[in-house]
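One structure is given below, encoded as structure tokens.
The values are calculated or read from the model by the stated rules, or taken from the named source; none is laboratory data. Worth saying up front: this structure is predicted, and the values here are computed from it rather than measured. When we count neighbours, we look across all protein chains shown, and the Cβ atoms used for this are built from the backbone with ideal geometry, even at glycine. SASA here: full protein model, heavy atoms, side chains in, ligands and nucleic acids out. Shrake-Rupley method; radii C 1.70, N 1.55, O 1.52, S 1.80 Å.
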Amino acid sequence: MTIDSPGALLRRYGLHARHSWGQNFLIAAEVHAAIAVASGARPGRRVIEIGAGLGTLTDRLLATGAEVWAIERDRDLCAVLRAELGDRPNFVLHEADAVRFDYAAAIAGQPEPVAIVGNLPYQLTGPLLFALLEQAPAAGPWVVMVQKEVADRLCARPGDDDYGGVTAVLSRVRTIARVRNVPRGCFLPAPRVDSAVIRLDARPEPLGAVADEAGLRQLVRAAFQQRRKVLVNSLSALGSRAEAQAWCAAAGIDPGVRPETLGPEQFAALQRAREAAGAGAA
């Protein structure tokens with residue numbers, strides 16, 4: 001059995017996309033296929049789908065034989081998912097908010113790393129990625145659809161114009177690669193921007209160990225708060241200028257460089273210097 005197209009399902013159930021929730025349903029079968037392949041979905045593997053919507057990607061994932069845990073908060077869409085896919089033995093629906101979902105419990109005890117996939121609502125991309133980072137650091141791969149502009153930033157390297165704090169934090173623990181670009185015409189209704197599918201794979205070890213992950217995120221956030229400032233001026237938001245200079249010296253980093261030139265390892269070195277000096281997250 002193959003589920004109907006999003007347009008047919010919306011008409012059948014008398015539904016419309018909720019613009020306030022950022023609902024844009026993917027209608028391109030080739031993109032569904034690319035996500036399923038990139039996720040490594042197969043018999044014996046659990047796949048968590050964030051925002052299952054009308055179930056078109058879910059259907060493709062189920063066809064691989066994977067056990068699919070679908071997260072959806074829209075009550076009307078949950079009714080569609082139960083009606084269309086509820087008889088599949090490898091389908092589990094969680095009517096829940098994906099930002100608050102217990103990913104740690106969902107990946108616990110599985111024989112192999114759990115894949116996480118989803119077409120992330122644009123306004124929730126950051127909160128969802130950081131929820132995954134905190135709760136499911138060893139899970140993998142993550143294969144997610146994001147706004148193309150966000151994908152450009154996440155795939156950027158130190159020194160690139162698009163490189164920023166979120167990239168520095170995520171790329172320390174995950175390799176990030178673009179799977180494919182997805183034009184706006186691949187959605188119903190079509191959004192005003194293009195999208196891209198990216199894959200984030202867990203690194204065997206982070207690029208630089210720290211004791212205080214929250215402190216590292218605080219440091220990176222301060223560094224990129226005002227991109228035009230040199231590093232020592234940006235870090236002065238976390239302490240005195242003398243302290244910021246001491247952290248840079250301990251980490252072996254020129255205090256006069258721009259923050260966007262530093263890689264994840266260098267931010268980790270700065271955080272270790274802060275920790276050694278007794279500084280931490282506020």
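Which of the residues that make up region 80-89 are open to solvent by 30 Å² or more (accessible area, probe 1.4 Å) and not charged (D, E, K, R)?
Within region 80-89, Ala83, Gly86, Pro89 meet the criteria.
Output the residues belonging to region 15-29 that are open to solvent by 60 Å² or more (accessible area, probe 1.4 Å) and assigned to a loop (DSSP other than H, G, I, E, B).
His16, Arg18, Ile27
Any idea how many residues of region 107-123 are open to solvent by less than 40 Å² (accessible area, probe 1.4 Å) and either among the basic types (Lys, Arg) or within 30 Å of Pro189 (Cα to Cα) (or both)?
Going through region 107-123 one residue at a time, the tally reaches 6.
If you take the residues in region 63-79 that are closer than 16 Å to Pro6 by Cβ and under 26 Å from the mean Cα position of the chain (by Cα), which one is surrounded by the fewest Cβ atoms within 10 Å (Cβ to Cβ)?
Of the residues in region 63-79, the ones closer than 16 Å to Pro6 by Cβ are 70, 72, 74, 76-79.
Filter once more, keeping what is under 26 Å from the mean Cα position of the chain (by Cα): 70, 72, 74, 76-78.
Numbers: Ala70: 26, Glu72: 24, Asp74: 19, Asp76: 13, Leu77: 25, Cys78: 17.
If we take residues in region 63-79 being closer than 16 Å to Pro6 by Cβ and under 26 Å from the mean Cα position of the chain (by Cα), then Asp76 is surrounded by the fewest Cβ atoms within 10 Å (Cβ to Cβ).
Could you say which residue among Ala244, Ala237, Ala250, Ala269 is surrounded by 14 or more Cβ atoms within 10 Å (Cβ to Cβ), aliphatic (A, V, I, L, M) and at pLDDT below 95?
Testing whether each residue is surrounded by 14 or more Cβ atoms within 10 Å (Cβ to Cβ), aliphatic (A, V, I, L, M) and at pLDDT below 95 leaves just Ala237.
All but one of (1) surrounded by fewer than 17 Cβ atoms within 10 Å (Cβ to Cβ); (2) touching a residue at least 40 places away in the same chain (Cβ under 8 Å) hold for Ala196; state the number of the condition that does not hold.
Here Ala196 clears every test but (1).
Pick out, from region 120-189, the helices (runs of 4 or more DSSP H) lying fully within it that include 2 or more residues that are modelled with pLDDT of 95 or more.
Qualifying helices (runs of 4 or more DSSP H): 148-154, 165-173.
Quick one: is Val92 more than 18 Å from the chain's Cα centre (by Cα), farther than 21 Å from Val179 by Cβ and assigned to a strand (DSSP E or B)? So that I can check it myself, show each step before the final result.
Numbers: more than 18 Å from the chain's Cα centre (by Cα): yes; farther than 21 Å from Val179 by Cβ: yes; assigned to a strand (DSSP E or B): yes.
For Val92, the condition - more than 18 Å from the chain's Cα centre (by Cα), farther than 21 Å from Val179 by Cβ and assigned to a strand (DSSP E or B) - is met.
Provide a single number: the residues in region 1-14 that are touching a Leu at 6+ places or on another chain (Cβ under 8 Å) and not in a helix (DSSP H, G or I). Break it down into steps so the answer makes sense when it comes.
Residues of region 1-14 that are touching a Leu at 6+ places or on another chain (Cβ under 8 Å), as a first pass: 3, 6-7, 9-10.
Checking the rest, the ones that are also not in a helix (DSSP H, G or I) come to 3.
Matching residues across region 1-14 total 1.
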